[in-house]
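This report refers to the structure that appears directly beneath it.
Bear in mind these aren't lab numbers, they're just calculated from the coordinates by the rules spelled out. Just so it is clear, the structure is predicted and the values come from calculations on it, not from any experiment. All Cβ positions, glycine included, derive from the backbone under ideal geometry; neighbour counts span all protein chains shown.
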Amino acid sequence: MHKIDHLRMEYGEKPLEPADMLDDPFMQFADWLQEAINAEVLEPNAMTLATVGPTGRPSGRIVLLKGFGHQGFVFYTNYLSRKGEELAQNPYAALVFFWGPLERQVRIEGSIEKTDRESSEIYFSSRPVSSQIGAAASPQSSVIPSRNILEHEMKALAHAFEKHGTVPCPEHWGGYRMVPDMFEFWQGRRSRLHDRIRYQLSDHGKWKKERLAP
């Protein structure tokens with residue numbers, strides 16, 4: 001095995017103080033995301049989505065954030081995939097954004113709901129045609145004997161697109177919205193004494209901001 005226990009870096013970005021952060025965690029997230037975009041972080045909207053299956057076993061994967069606001073954080077996928085099945089059984093999830101060049105991480109937890117069908121269809125139609133065909137062709141998370149099956153289905157759907165001019169949004173494909181009840185903003189600091197600021201939603205619908213030990 002390769003020795004990796006010596007791999008480490010010293011963080012040293014600016015401090016993160018609760019008093020300097022906005023009271024609205026959605027606006028604070030928007031500010032940090034924009035800073036990641038301005039810094040040209042690779043795919044700043046990439047996030048780890050963690051779900052939990054019926055046995056309590058967690059799973060995670062990278063997906064792309066496609067919209068957010070006070071209503072929640074939106075992403076799109078195949079409803080019949082592993083994550084879709086797990087979200088149907090346990091409609092709660094966690095998101096993690098990591099912007100290495102800025103030495104920042106954001107964790108978000110909350111409940112999950114599907115977006116309305118119209119929103120899914122509008123977003124699907126805005127995607128590149130090749131991505132539309134790929135989404136329609138792939139039985140995501142299913143066992144397949146070879147890649148040839150996918151490529152054959154892609155060709156068939158591409159031919160149908162040339163004939164009819166549109167790729168309809170599959171019924172089993174669409175959006176999810178996470179409605180947060182917790183945000184945590186993490187800033188790397190020296191000696192591993194990182195700054196962690198958590199926003200927790202109270203029973204009264206107010207956000208409580210507090211510092212956590214690293």
Once both axes come from the Cα atoms, what is the angle between helix 147-164 and the longest principal axis of the chain, in degrees from 0 to 90, rounded to 10? 70
Would you look at the GNM of the chain, springs on alpha carbons closer than 10 Å, and say which of V167, V52, V106 moves the most? V167
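When a/c is below 1.5 the answer is rounded, else prolate if a/b is larger than b/c, else oblate, so apply that to the range 168-214 with a ≥ b ≥ c taken from the square roots of the Cα gyration tensor eigenvalues.
In terms of gyration-tensor shape, oblate.
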Using alpha carbons only, how many angstrom separate the centre of the range 8-58 from the centre of the range 124-163? 33
Any idea what angle helix 117-126 forms with the longest principal axis of the chain, computed on alpha-carbon atoms, 0 to 90 degrees, nearest 10? 80
Mean separation of Cα contacts under 8 Å, 6 or more apart, over the residue count of the chain: relative contact order %: 26
Which GluC sites (Glu not before Pro) in the range 150-214 sit in a loop by DSSP (not H, G, I, E or B) and have at most 13 other Cβ atoms within 10 Å of their own Cβ? E171
Give me the aspartates and glutamates in straight-line cross-link reach of K83: C-alpha distance below 18 Å, same-chain residues under 8 apart excluded. E109, E113, E171
Expected max-MSF residue from S120, S81, S202 in the GNM of the chain (alpha carbon, under 10 Å) is S202
L22 to K163: FRET efficiency via 1/(1 + (r/R0)^6), r the Cβ-Cβ distance, R0 45 Å, to the nearest 0.05? 0.30
Taking springs between alpha-carbon atoms closer than 10 angstrom, which of N45, N90, N148 fluctuates most in the Gaussian network model of the chain? N148
Pairing the Cα long axis of helix 25-38 with the longest principal axis of the chain, what angle in degrees results, from 0 to 90 and rounded to the nearest 10? 80
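Let me have the 222 nm mean residue ellipticity of the chain computed from DSSP H runs of 4+ only, each contributing -39500 (n - 2.57), with the sum over all residues rounded to the nearest 500.
It lands at -8500 deg cm²/dmol.
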Debye intensity ratio in log₁₀ form over the Cα atoms of the chain, taken at each q of 0.09 Å⁻¹: -0.46
